[in-house]
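Asks: Take a look at this one; I'll ask things after.
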Amino acid sequence: MSDPNEWHKTACVLCSANCGLEVRLDGREITRVRGNKAHVSSAGYTCEKGLRINHYQNAQGRLTSPMKRLEDGSYIEVDWDTAIEEVVAGFERVGGEHGNDKVMYYGGGGQGNHLCGAYGAATSRALGIKRRSNALAQEKTGEVWVEGRMFAAHTHGEFAEAEVSVFLGKNPWHSHGFDQARRVLKEISADPKRSMVVIDPRRTESADLADHFLQLEPGTDAFLISALIAVLVEEGLTADSWLADNVNGVDDVTSVFADVPIREYAERCGVDEDQIRAVARRMASATSVAVYEDLGIEMAPNSTVVSYLQRVMWVLLGSYGVPGGMTAHTALGSLFNYSAAGNEPVDPVGGGAIISGLIACNDIADGILSDHPERTRAMLIESANPVHSLAESQKFRSAMRAMDFSVVIDVFMTETALEADYVLPASSQYEKVETTFFAAGFPENRVHLRAPILEPLPGTLPEAEIHTRIVKALGVVGEDVLEPLREAARAGRSEFGEAFMAAAMGDRKIAGVGAVVLYETLGPTLPPGMEPAAALWFSAQQAAMAYPDQVRAAGHEGEGPDLGWALFEAMISSPDGVGFTHHDHGDSWDLLGTPDNKINLAIPEMLEAVADLSGTPIDHRSDDFPFILAAGERRSFTANTIVRDPAWRKRDAEGALRLHPDDAAAVGVEAGDRIRITTPGGTAVAVAEVNDTMLPGFVALPNGLGLSYSPAGGDPEITGVAPNELTTTDWRDPIAGTPWHKHIPARLEAVAS
Ligand SMILES: Nc1nc2c(c(=O)[nH]1)N[C@H]1C(S)=C(S)[C@@H](COP(=O)(O)OP(=O)(O)OC[C@H]3O[C@@H](n4cnc5c(=O)[nH]c(N)nc54)[C@H](O)[C@@H]3O)O[C@H]1N2
Ligand SMILES: Nc1nc2c(c(=O)[nH]1)N[C@H]1C(S)=C(S)[C@@H](COP(=O)(O)OP(=O)(O)OC[C@H]3O[C@@H](n4cnc5c(=O)[nH]c(N)nc54)[C@H](O)[C@@H]3O)O[C@H]1N2
Ligand code: SF4
Ligand SMILES: [Mo]
């Protein structure tokens, strides 16, 4: 790793697109970055953020030793053996006193790293941890609740092909979410035969490229989408014969929308009725419509209802399983679990639904701080920063201290790590092999397993090694199991495959820590540094078993376990990524998890909510709080809390509060002035950015600011406003418990300079 002119292939870790990168290194510094043109998904594409990835890799303050908190709140370094021993003892103590079911595993992967989740699952099983949560339970669980009932599968749109693309509370120009987003947006914009619809209270960069921009009042999407559906029904624009063949419950649904007062709903959302009718007709005239909902509706009033409504809309248009439309897709590792669709278990502490196996994020801190006998007593947090990222930071901070035991695995001493009993330092995402399970491609689905480009920073370990040490310390698997499997791995593929399967089938405990067993046995046969990829062997085998024809169609050869090996070896040896399944559109019906492979359109709770909409308050502003604040906008230089160094940001250094010129005048601020923002949850001071893309009365703060950082290793400085100092856990969706962060009532005041 010494030639400074050599290009090393890797990927960007700052958003789910995970663009392929090529980088040059000078020692440990990433000195040059360019898009990898040979990459299977990104084909040379990057945005400005990935080009400055060295600010993640080589920021000040990387953890280089396990840390232990003392009684007085200070931290000391401890060696790895001590740390593992005391971490295991801590969890065993809490499990012994309160039961292992009072321990929670939170996190398990960020925007670029999902292998830790596979190994973290092994630790969870070894410790008997069943309670889980992560950031998906503050954004996607409403969607999962709906998709479970309608499809029992996750659906995604083919935006690169769609005749009409709809972005609902989604700004792909900045947030991406599909491959080469800006290229795709520009292509659609330049193509007279294709159209883009953007639904957003702000005229975003995406809206500037749209054919139809519906600038609605914040929080009124349920009215707008209901009106769009009502137009489809009223004007006879639904795909009736297709619906009769493929969809259950159509009449129950269309009858509800026959009663929707279109003009009144148009007025409620502040969008012209003619514009709504034009968009409905444009969608109905298209051979394919793809819709992307994101935080603008998932973190706003009626979020689960809107997740439902937008799906009703494209199903009524017949846009499932057609080229350019919506489809279910394959996965190497599932981010969501739909097996419990329709009968989610109930969280014994908070009382909410446990959707996709996840406790609602907004319930976690309240539960810990309650005197409920079932409350969570200990937590293992991995690759997540919930003190910063979950509602009401102060409450989560208190909850961390109220627990009997807490451990954080991270690369930095984050806001969350600063409250934990032990902090274990992970190697960075450029110092170990990594991948993600975000891929949602159809007909072709792809995966990129990235080899390390740097040695682990001294003192750090990849999560695979951390979890293996924990599992071994717990005595769940011993050398009696591992050594014969190592021997089988040395002997050959079929010997190993058979021996591993026999061991896993013979003992549920071994199956439960399968990732660790693979790491310890198959791992040593992989190229140096690739050992943690061993866990993916099982994913490859499962994919080959579930979709043999489609794995072969993606270019892998063999039958049965040989096909799984071929896929695994292709993953290990493809620095540009590789396709893992290739489908025909006809297959999209097989990918549905519903018993009859049809779509269920009627969800009784949702239809009731739609019928009740007319009585729902639509404006949450008041004399005390006359503005709506979107707390957490995606911008040019924001990436959750992954990059802590503010020097990374080339513009908008502090993360300004954006507001409309009329609002600025009313409050008495000009661009660059200080402005105080007060919400029911707290107060903060930001710099003002006067910006006519905002709707009057609607203001926004960026996501991921307010991180502490010490540029020279001295006293930490905090740059910008941490959005969750302004939010509260009770302001949320009644079904999924997801927060309404895009819809916080707020008051603004000029601050004298
Ligand atoms: N640059 C950057 N990219 C990122 C991330 C990042 O931190 N920075 N984070 C990644 C992650 S984790 C996620 S989940 C995605 C999120 O990606 P997005 O959801 O696209 O990002 P946001 O900017 O949070 O919200 C999208 C839009 O919702 C609009 N909005 C606010 N209120 C409403 C409303 O009531 N109705 C409607 N229709 N729209 C509304 C906002 O004006 C905004 O333009 O981004 C990913 N990509
Ligand atoms: N108010 C408000 N709050 C929000 C949002 C909003 O829009 N508004 N957005 C929400 C959304 S959609 C999301 S997804 C969440 C994201 O919030 P979180 O799920 O908490 O994720 P990140 O901020 O990405 O934090 C990732 C952590 O992983 C660490 N890390 C980086 N690399 C590695 C590694 O290789 N190993 C390990 N172990 N750790 C590593 C980073 O240092 C960081 O602490 O934030 C949410 N919070
Ligand atoms: S931030 Fe997202 S879109 Fe930008 S380079 Fe990184 S992965 Fe690609
Ligand atoms: Mo997210």
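The values are calculated or read from the model by the stated rules, or taken from the named source; none is laboratory data. Since we're looking at a predicted model, the values are computed, not measured. So basically every Cβ, Gly included, is an ideal-geometry build from the backbone, and we count neighbours across all protein chains shown. Side chains included, ligands, DNA and RNA excluded: accessible areas come from the protein's heavy atoms. Shrake-Rupley method; radii C 1.70, N 1.55, O 1.52, S 1.80 Å.
Asks: Could you give every pair whose Cβ atoms fall below 8 Å, whose first residue belongs to the range 374-385 and is open to solvent by 30 Å² or more (accessible area, probe 1.4 Å), and whose second residue is of a type in the set (D, E, K, R) and in a loop (DSSP other than H, G, I, E, B), counting only separations of at least 6 or pairs across chains?
Replies: Listed by first residue and then by second, the contacts come to Arg377/Asp404.
Asks: Continuing with the same structure: Among residues belonging to the range 553-586 that are hydrophobic (A, V, I, L, M, F, W, C) and without any contact (Cβ under 8 Å) to a residue 40 or more places away in the chain, point out the one that is farthest from Leu449 (Cα to Cα).
Replies: Checked the range 553-586; the qualifying residue farthest from Leu449 (Cα to Cα) is Ala553.
Asks: Quick one: would you say Thr327 is in contact (Cβ under 8 Å) with a residue 60 or more places away in the chain, outside any helix (DSSP H, G or I) and touching a Phe, Trp or Tyr at 6+ places or on another chain (Cβ under 6 Å)? Break it down into steps so the answer makes sense when it comes.
Replies: Working: in contact (Cβ under 8 Å) with a residue 60 or more places away in the chain: yes; outside any helix (DSSP H, G or I): yes; touching a Phe, Trp or Tyr at 6+ places or on another chain (Cβ under 6 Å): yes.
In short, yes.
Asks: Looking for something hydroxyl-bearing (Ser, Thr, Tyr), away from ligand 1 (no atom under 16 Å from the Cβ) and not assigned by TED's automatic domain parsing to the domain that holds Ala420 - is there at least one such residue anywhere in the range 33-55?
Replies: Of the range 33-55, the ones hydroxyl-bearing (Ser, Thr, Tyr) are 41-42, 45-46.
Keeping just the survivors that are away from ligand 1 (no atom under 16 Å from the Cβ) gives none.
The answer is no, given that none of the residues of the range 33-55 is hydroxyl-bearing (Ser, Thr, Tyr), away from ligand 1 (no atom under 16 Å from the Cβ) and not assigned by TED's automatic domain parsing to the domain that holds Ala420.
Asks: Hey, another quick one. Of everything in the range 151-163 that's open to solvent by 30 Å² or more (accessible area, probe 1.4 Å) and more than 16 Å from ligand 4 (Cβ to nearest atom), which residue is nearest to Val197 (Cα to Cα)? Write out each step before concluding.
Replies: If we filter the range 151-163 for residues that are open to solvent by 30 Å² or more (accessible area, probe 1.4 Å), which is where we start, we get 154, 156, 160-161, 163.
If we keep only those that are more than 16 Å from ligand 4 (Cβ to nearest atom) as well, we get 160-161, 163.
Values: Ala160: 14, Glu161: 15, Glu163: 11 Å.
Only one residue fits best here, namely Glu163.
Asks: Another question about this same structure. Which of the residues belonging to the range 638-648 are away from ligand 1 (no atom under 11 Å from the Cβ) and open to solvent by less than 50 Å² (accessible area, probe 1.4 Å)?
Replies: Arg644, Asp645, Pro646, Trp648
Asks: When only residues in the range 616-637 that are open to solvent by 50 Å² or more (accessible area, probe 1.4 Å) and modelled with pLDDT of 95 or more count, which is farthest from ligand 3 (Cβ to nearest atom)?
Replies: The qualifying residue farthest from ligand 3 (Cβ to nearest atom) is Asp623.
Asks: A follow-up question, please. When only residues in the range 121-143 that are of a type outside the set (Gly, Ala, Ser) and either over 13 Å from Ile359 (Cα atoms) or away from ligand 1 (no atom under 16 Å from the Cβ) (or both) count, which is farthest from the chain's Cα centre (by Cα)?
Replies: Once the filter is applied, the top-ranked residue is Leu127.
Asks: Checking Ile188 against (1) among the β-branched types (Val, Ile, Thr); (2) open to solvent by less than 10 Å² (accessible area, probe 1.4 Å); (3) touching a Leu at 6+ places or on another chain (Cβ under 8 Å); (4) closer than 17 Å to Gln310 by Cα, which test does it fail?
Replies: Result: Ile188 fails condition (4) only.
Asks: Now for a different question. Just checking, how many residues over the range 27-55 are in contact with a strand residue (DSSP E or B) (Cβ under 9 Å, 6 or more places away or on another chain), under 16 Å from His174 (Cα atoms), in a loop (DSSP other than H, G, I, E, B) and more than 16 Å from ligand 4 (Cβ to nearest atom)?
Replies: Residues in the range 27-55 being in contact with a strand residue (DSSP E or B) (Cβ under 9 Å, 6 or more places away or on another chain), under 16 Å from His174 (Cα atoms), in a loop (DSSP other than H, G, I, E, B) and more than 16 Å from ligand 4 (Cβ to nearest atom): 3 in total.
Asks: Identify the residue in the range 94-109 that is of a type outside the set (S, T, N, Q), part of a helix (DSSP H, G or I) and out of contact with any Ser or Thr (no Cβ under 7 Å at 6 or more places or on another chain) and, among all such residues, is nearest to ligand 4 (Cβ to nearest atom).
Replies: Once the filter is applied, the top-ranked residue is Asp101.
Asks: So which pairs qualify, if the first residue must be in the range 592-621 and without any contact (Cβ under 8 Å) to a residue 12 or more places away in the chain, the second must be among the β-branched types (Val, Ile, Thr) and not in a loop (DSSP other than H, G, I, E, B), the Cβ gap must be under 6 Å, and the two must be at least 6 apart or on different chains?
Replies: So the pair list comes out empty.
Asks: Consider Cys47 carefully, then state whether it is in contact with a helix residue (DSSP H, G or I) (Cβ under 9 Å, 6 or more places away or on another chain) and within 16 Å of ligand 2 (Cβ to nearest atom).
Replies: no
Asks: Residue under question is Tyr422, and the condition is that it be hydroxyl-bearing (Ser, Thr, Tyr) and within 24 Å of Ala17 (Cβ to Cβ); does it hold? Full working, then the answer.
Replies: On the way: hydroxyl-bearing (Ser, Thr, Tyr): yes; within 24 Å of Ala17 (Cβ to Cβ): no.
It is false that Tyr422 is hydroxyl-bearing (Ser, Thr, Tyr) and within 24 Å of Ala17 (Cβ to Cβ).
Asks: Also: Give the residue, chosen from Val667, Val699, Val685, Val690, that is closer than 25 Å to Gly219 by Cβ, open to solvent by 10 Å² or more (accessible area, probe 1.4 Å) and in contact with a strand residue (DSSP E or B) (Cβ under 6 Å, 6 or more places away or on another chain).
Replies: None of the others qualify; the one that does is Val667.
Asks: Among the candidates Ala609, Ala631, Ala639, single out the residue that is in contact with a Phe, Trp or Tyr (Cβ under 9 Å, 6 or more places away or on another chain), within 16 Å of ligand 4 (Cβ to nearest atom) and either within 30 Å of Leu309 (Cα to Cα) or assigned by TED's automatic domain parsing to the domain that holds Arg268 (or both).
Replies: When all the criteria are applied, what remains is Ala639.
Asks: Can you pull out the residues in the range 444-483 that are in contact (Cβ under 8 Å) with a residue 60 or more places away in the chain and β-branched (Val, Ile, Thr)?
Replies: Across the range 444-483, the qualifying residues are Val447, Ile453, Thr460, Ile466, Thr468, Ile470, Val471, Val476.
Asks: A further question follows. Confirm whether Lys742 is charged (D, E, K, R), assigned to a loop (DSSP other than H, G, I, E, B) and within 16 Å of ligand 4 (Cβ to nearest atom). Full working, then the answer.
Replies: On the way: charged (D, E, K, R): yes; assigned to a loop (DSSP other than H, G, I, E, B): yes; within 16 Å of ligand 4 (Cβ to nearest atom): yes.
So Lys742 passes the test.
Asks: Also: Identify the residue in the range 33-72 that is open to solvent by 30 Å² or more (accessible area, probe 1.4 Å), away from ligand 3 (no atom under 16 Å from the Cβ) and out of contact with any Pro (no Cβ under 9 Å at 6 or more places or on another chain) and, among all such residues, is nearest to Trp7 (Cα to Cα).
Replies: Asn58
Asks: Scanning for something surrounded by fewer than 24 Cβ atoms within 10 Å (Cβ to Cβ) and among the polar types (S, T, N, Q), does the range 345-365 turn up at least one residue?
Replies: Within the range 345-365, not a single residue is surrounded by fewer than 24 Cβ atoms within 10 Å (Cβ to Cβ) and among the polar types (S, T, N, Q).
Asks: Could you tell me how many of the residues in the range 446-480 are crowded, with 20+ Cβ neighbours inside 10 Å, in a helix (DSSP H, G or I) and not acidic (Asp, Glu)?
Replies: Looking only at that region, the number is 7.
Asks: Take the residues of the range 5-20 that are among the small types (Gly, Ala, Ser) and over 13 Å from Ala38 (Cβ atoms): which is farthest from ligand 3 (Cβ to nearest atom)?
Replies: Ser16
Asks: Of the residues in the range 1-22, how many are surrounded by 24 or more Cβ atoms within 10 Å (Cβ to Cβ) and assigned to a strand (DSSP E or B)?
Replies: Counting residues in the range 1-22 that are surrounded by 24 or more Cβ atoms within 10 Å (Cβ to Cβ) and assigned to a strand (DSSP E or B) gives 4.
Asks: Only one residue in Gly148, Gly112, Gly120 is modelled with pLDDT of 95 or more, in a loop (DSSP other than H, G, I, E, B) and buried (at least 23 other Cβ atoms within 10 Å of the Cβ), so which one is that?
Replies: Values: Gly148 fails: in a loop (DSSP other than H, G, I, E, B); Gly120 fails: in a loop (DSSP other than H, G, I, E, B).
Only one candidate passes the filter, namely Gly112.
Asks: Return the pairs, sorted by first residue and then second, in which the second residue is in a helix (DSSP H, G or I) and among the acidic types (Asp, Glu), the first residue lies in the range 484-513 and is more than 22 Å from Glu559 (Cα to Cα) and without any contact (Cβ under 8 Å) to a residue 60 or more places away in the chain, the beta carbons are less than 9 Å apart, and the residues are 6+ apart or on different chains.
Replies: Final answer for the pair search is Leu485/Glu520; Arg486/Glu520; Glu487/Glu495.
Asks: Show me the helices (runs of 4 or more DSSP H) found entirely inside the range 524-642 where at least 2 residues are under 25 Å from Ala38 (Cα atoms). Steps first, please.
Replies: On the way: elements: 536-546, 548-553, 560-572, 604-612.
Output list reads 536-546, 548-553, 560-572.
Asks: Tell me which residues, restricted to the range 42-77, are among the polar types (S, T, N, Q) and within 23 Å of the chain's Cα centre (by Cα).
Replies: Passing the criteria: Ser42, Thr46, Asn54, Gln57.
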